[in-house]
1. At what distance in nm do the modelled label points of ASP126 and LEU69 sit from each other, each positioned 7 Å from its Cα along Cα→Cβ?
2. Which sequence of LEU82, LEU66 reflects their accessible areas, 1.4 Å probe, from the largest down?
Amino acid sequence: MLTPEVPMSHSVEGEPSAAGRRGVPLTTAVYSAAEWDLLTTLPGRVLVAAAAPAPGRTERGVMASLAGLDAVAAGRASDSDLVRAVVATIYARHDGTPQPPERLTDLVDLLAACRAASRVLRRRADPADSAAYRQWVQSVAGRVCRAVPGAGAGRVDPPASPADRRLLDRLGAALDLG
């Protein structure tokens with residue numbers, strides 16, 4: 001059961017105008033509160049994990065974090081109702097309650113959360129929405145890992161280290177993108 005659609009009041013640069021696309025249906029009724037929390041916090045957790053310093057990985061900077069935030073925001077233009085609803089929820093949060101750092105950056109916990117999200121999506125989401133969400137979440141990490149430190153805005157290159165590639169591969173496997 002879907003709740004009423006929320007009309008978009010304006011378009012973001014590069015997106016179709018509000019008149020030219022349908023609003024974002026709020027799909028939260030399909031998911032339990034815990035499931036929706038998992039789906040809406042996972043992109044941020046992936047961004048933080050990809051931007052965190054780790055042995056063998058390229059030093060991250062502000063540009064990498066901005067690339068990740070841009071990748072999250074790009075979900076607003078997704079063809080997937082689920083991805084757009086998740087992004088809308090992320091942007092609508094105003095409680096300012098930070099997550100504990102260990103929850104944000106612990107890779108084992110993050111991979112377990114990715115597997116749990118994949119299971120939830122298999123049970124509850126349309127297959128196309130499920131695939132779009134999982135690919136979008138991995139694209140967040142990909143954009144962070146490919147950001148070139150010190151480069152101009154928007155410049156991205158292939159991952160600079162084998163450790164970055166391993167991180168992306170592990171996320172892809174946990175998200176069942178095989």
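The values are calculated or read from the model by the stated rules, or taken from the named source; none is laboratory data. Keep in mind that what you see is a predicted model, and the values were worked out from it rather than measured. Cβ coordinates were reconstructed from backbone atoms using ideal geometry, including for glycine residues, and neighbour counts include every protein chain displayed. Each accessible area value is taken on the protein alone, full model and side chains, heavy atoms only, with ligands, DNA and RNA left out. Shrake-Rupley method; radii C 1.70, N 1.55, O 1.52, S 1.80 Å.
1. Taking the simple label geometry, ASP126 and LEU69 are separated by 3.1 nm.
2. LEU66, LEU82
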